[in-house]
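Trainee: Got a structure for you, written out below as structure tokens; questions coming shortly.
The values are calculated or read from the model by the stated rules, or taken from the named source; none is laboratory data. Just so it is clear, the model here is predicted, and its values are computed rather than measured. Note that we place each Cβ from the backbone using ideal geometry, even for glycine, and neighbour counts take in every protein chain shown.
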Amino acid sequence: MTIIEVEKIIQSRHITRSKPEPIEALMEESIAISEALSIRIQLSNLRLALHNFYVRRGQVHNEKEEAVFLEVFERKMPAIIRTRLGQMEKVHLYQSYVWYYYILNDFEKCYIYALKWVELFKQEEGLI
């Protein structure tokens with residue numbers, strides 16, 4: 001993001017020699033990076049909120065606790081388009097769902113998301 005912003009500054013200082021295509025590409029790229037960072041931050045915050053819920057309250061034991069937990073989850077879950085998620089965003093999303101299902105005592109779904117999380121690392125060795 002910093003590099004894009006520096007490029008935008010450079011472009012803005014060359015008024016007579018600037019072509020519109022590179023400038024428009026820089027603007028589009030900075031918007032895309034900004035959106036990706038925003039989603040990554042929201043997902044990592046969700047993961048931390050679920051972890052915090054577990055540390056404070058543990059797993060849910062009744063319908064009242066479940067209602068409180070689901071409200072926390074729905075409030076923190078960002079509105080995301082999953083096809084546009086990068087690898088780290090998917091990692092945070094799968095980690096969040098592992099916590100989500102673990103806290104709800106749904107260990108089968110917890111396991112499914114844990115496998116998805118591990119599969120990301122198998123597909124993208126650079127994440128390791």
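Trainee: Which condition number in (1) in a loop (DSSP other than H, G, I, E, B); (2) at pLDDT 90 or above is the one that residue 18 fails?
Mentor: Single failed check for residue 18: (2).
Trainee: Taking the condition of a type in the set (A, V, I, L, M, F, W, C) and surrounded by 13 or more Cβ atoms within 10 Å (Cβ to Cβ), does residue 69 pass? Don't jump to the end; show me each part of the working.
Mentor: Values: of a type in the set (A, V, I, L, M, F, W, C): yes; surrounded by 13 or more Cβ atoms within 10 Å (Cβ to Cβ): yes.
Answer is yes for this residue.
Trainee: Could you look through segment 84-109, keep only residues that are over 18 Å from the mean Cα position of the chain (by Cα) and surrounded by fewer than 21 Cβ atoms within 10 Å (Cβ to Cβ), and pick out the one that is nearest to residue 123 (Cα to Cα)?
Mentor: Per the stated criteria, the residue is 109.
Trainee: Failed condition for residue 59, given (1) in a loop (DSSP other than H, G, I, E, B); (2) free of Cβ contacts under 8 Å to residues at least 12 places away in the same chain, with all others met?
Mentor: (2)
Trainee: Going residue by residue through segment 31-54, is there one that turns out to be of a type outside the set (Gly, Ala, Ser), free of Cβ contacts under 8 Å to residues at least 60 places away in the same chain and not in a helix (DSSP H, G or I)?
Mentor: First, pick out the residues of segment 31-54 that are of a type outside the set (Gly, Ala, Ser): 31, 33, 35, 37, 39-43, 45-48, 50-54.
From the residues that got through so far, the ones that are free of Cβ contacts under 8 Å to residues at least 60 places away in the same chain too are 31, 33, 35, 37, 39-43, 45-48, 50-54.
Next, only the ones that are not in a helix (DSSP H, G or I) stay: none.
No: zero hits.
Trainee: With respect to residue 50, is the statement that it is surrounded by 13 or more Cβ atoms within 10 Å (Cβ to Cβ) and either at pLDDT below 90 or charged (D, E, K, R) (or both) true? Lay out the reasoning, then the answer.
Mentor: On the way: surrounded by 13 or more Cβ atoms within 10 Å (Cβ to Cβ): yes; either at pLDDT below 90 or charged (D, E, K, R) (or both): no.
For residue 50, the condition - surrounded by 13 or more Cβ atoms within 10 Å (Cβ to Cβ) and either at pLDDT below 90 or charged (D, E, K, R) (or both) - is not met.
Trainee: Need the failing condition index for residue 55 against (1) surrounded by 12 or more Cβ atoms within 10 Å (Cβ to Cβ); (2) more than 30 Å from residue 9 (Cβ to Cβ); (3) over 19 Å from the mean Cα position of the chain (by Cα); (4) not small (Gly, Ala, Ser), just the number.
Mentor: For residue 55, the failing item is (1).
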